[in-house]
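The structure appears right after this line, and notes come after that.
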Amino acid sequence: MLTKRIIPCLDIKEGRTVKGINFESIRDAGDPVELASLYAQQGADELVFLDIAATNENRKTFSSLVREIARYINIPFTVGGGISSVEDASALLEAGADKVSINSAAVRNPKLIDEMAKAFGSQFVVVAIDAKKVDNPWIVHTHGGKKPTDKKLFSWAEEAQQRGAGEILFTSMNHDGTKNGFAIDALSKLNQLLSIPVIASGGAGNMGHFMDVFLLGKADAALAASIFHFGEVPLPDLKKYLKDRNISIR
Amino acid sequence: MKVVIIKYNAGNIRSMAFAMERLGIDYSITDNQEEIKTADKVIFPGVGEARSTMDYLQALKLDLLIKDLKQPVLGVCLGMQLMCAYSEENDTKCLGIFDETVKQFIPKNAEKVPHMGWNSIALSNSWIDASLDEAYMYFVHSYYVPVNQNTAAITDYIQPFSAALQKDNFYAVQFHPEKSATVGENVLRSFLNIQS
């Protein structure tokens, strides 16, 4: 049976992880490869690396980091941040990335999804959507959540699927950072609407939230950052907790 | 032992090369016909679309070469699908090593397409080490090879399909052993340990 995926997310700036990391076993808390190796050993199903600086000067650093990750990490990983062309994606594929995630650039130029799916296959293209519920509609935001757009979550996700996205990474801005749980209602609706996998992001605070996101939100995968980095929810404990509750977990 | 990874326009060649490095295996990546023919083991990786990949292989005459290889050859993901006779993906005639048609997954209820993530394999008369029966491997694909007389492992998604194949000196896996953690590396070891 296909298992639900647990995905730690690492924010990268100039080749180093940012946000605090709290592991005694890690010698260099800023080394993404060391942290990623630890997560892979602990049973992470995939990893996401986000280049949060994403400037032109930084891009070369990021590409060489992606190559090092591919060299040492034996599980799949997605890279994102500032990818705005087929050429950008091609450089990351060449460096060894399994998937790329595109966000603002896809909103600005939706045809980019078609072009990337055609060039590399749908399985390579993750469309990341940051959305915020304002009154009723979920409004898609870009530029790290700073800019509201005229797009709505559900119609944009459907369009991304039609254009060839292989997966949707949905972050609820209302839930992100709260540690009060994922956006269950929106996820459940998204999962009924789409025939491609959905990764839930934003709001993970405890192990029960993961059970909810899989059972009630019907998500295929769940992503989190700080709760893993600070050891609040150790990966092996989380996987055991979910297995004990009959959720399909590797 | 000399291992060759066939060089063509596939997406995961570097990942496969890094997996060989992690296993401590000497390898080369080449499209040189003589070098491929004389290797002890050949790996035929693959990520991408069937038609354009077959066109590319034909242009380099690698299609005929691969079919005629006598040493153990491992096809991975699209590589496995291209070893079959025909793929529904863009109506593509393939190498015909396995006499099978590659079919498109039709999404069913909660089972989405692509089949993406970790799923278990059930070995049947397999070249894959017995300790890996029921192990979880990483899959990413929208097309599948039905269960047939050459099936060496079965995975269930939407319906049971071939997770691995074998016929004569040709071996193949639908999943990505190079991305399937240590169990995946053990599948690669199973292949590398085959005596030719």
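The values are calculated or read from the model by the stated rules, or taken from the named source; none is laboratory data. Bear in mind the structure is a predicted one, so any value in this text is a computation, not a measurement. Reconstructed Cβ throughout: ideal geometry from the backbone, glycine too, with neighbour counts over all protein chains shown. Calculation scope for accessible area: heavy atoms of the full protein, side chains included, ligands and nucleic acids excluded. Shrake-Rupley method; radii C 1.70, N 1.55, O 1.52, S 1.80 Å.
If you take the residues in region A:69-98 that are facing chain B (nearest Cβ under 7 Å) and under 16 Å from the mean Cα position of the chain (by Cα), which one is modelled with the lowest pLDDT? It comes out as A:D98. The residue that is nearest to A:I12 (Cα to Cα), among those in region A:190-224 that are open to solvent by 40 Å² or more (accessible area, probe 1.4 Å) and not in a loop (DSSP other than H, G, I, E, B), is A:M207.
Criterion applied to B:I154, B:I158 was being hydrophobic (A, V, I, L, M, F, W, C), on the phi > 0 side of the Ramachandran plot, surrounded by fewer than 20 Cβ atoms within 10 Å (Cβ to Cβ) and within 14 Å of chain A (Cβ to nearest Cβ), and the one residue passing it is B:I158. Entry remark, region A:112-126: residues being open to solvent by 40 Å² or more (accessible area, probe 1.4 Å), over 18 Å from the mean Cα position of the chain (by Cα) and at the interface with chain B (Cβ under 10 Å from one of its Cβ atoms) number 2 in total. Would you say A:N136 is more than 14 Å from chain B (Cβ to nearest Cβ), at pLDDT 95 or above and surrounded by fewer than 16 Cβ atoms within 10 Å (Cβ to Cβ)? Judged against the criteria, A:N136 is not a match. In region A:225-250, how many are within 19 Å of A:L215 (Cα to Cα) and not in a loop (DSSP other than H, G, I, E, B)? The number of residues fulfilling the criteria is 9.
Does B:I97 satisfy the criteria of being among the aliphatic types (A, V, I, L, M) and touching a Cys at 6+ places or on another chain (Cβ under 9 Å)? Judged against the criteria, B:I97 is a match. Among the residues examined, B:F191 does not qualify as part of a strand (DSSP E or B) and open to solvent by less than 10 Å² (accessible area, probe 1.4 Å).
When the residues of region B:34-49 are filtered to those that are open to solvent by 10 Å² or more (accessible area, probe 1.4 Å) and at pLDDT below 95, the one that is nearest to the chain's Cα centre (by Cα) is B:V47. Can you find a residue that is part of a loop (DSSP other than H, G, I, E, B) and touching a residue at least 40 places away in the same chain (Cβ under 8 Å) anywhere in region A:77-90? Yes, region A:77-90 contains a residue that is part of a loop (DSSP other than H, G, I, E, B) and touching a residue at least 40 places away in the same chain (Cβ under 8 Å).
Pairing each residue of region A:132-158 that is within 13 Å of A:I168 (Cβ to Cβ) with any residue that is at pLDDT 95 or above and among the polar types (S, T, N, Q), provided the two are 6+ apart or on different chains, yields C-beta distances under 6 Å for A:V140/A:T149. Within region B:86-126, restricting attention to residues that are buried (at least 19 other Cβ atoms within 10 Å of the Cβ) and aromatic (F, W, Y), which residue is nearest to B:K179 (Cα to Cα)? Applying the filter and picking the extreme gives B:W118.
Among residues belonging to region B:90-142 that are hydroxyl-bearing (S, T, Y) and out of contact with any helix residue (DSSP H, G or I) (no Cβ under 6 Å at 6 or more places or on another chain), point out the one that is nearest to the other protein chains (Cβ to nearest Cβ). Only one residue tops the list, namely B:Y136.
Among the residues making up region A:150-173, a single one is part of a strand (DSSP E or B), more than 21 Å from A:A54 (Cα to Cα) and of a type in the set (S, T, N, Q): A:S172.
Every residue, every condition in (1) under 20 Å from A:D220 (Cβ atoms); (2) over 13 Å from the mean Cα position of the chain (by Cα), yes or no:
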site: B:W127; (1), (2): no, yes
site: B:Y136; (1), (2): yes, yes
site: B:A164; (1), (2): no, no
site: B:F175; (1), (2): yes, no
site: B:G184; (1), (2): no, no
site: B:L192; (1), (2): no, yes
site: B:Q195; (1), (2): no, yes
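Within region B:8-33, restricting attention to residues that are away from every other protein chain (no Cβ under 11 Å) and charged (D, E, K, R), the residue that is surrounded by the most Cβ atoms within 10 Å (Cβ to Cβ) is B:D31. Applying the set (1) over 23 Å from B:V140 (Cβ atoms); (2) away from chain B (no Cβ under 14 Å) to A:L216 leaves exactly one unmet item: (2).
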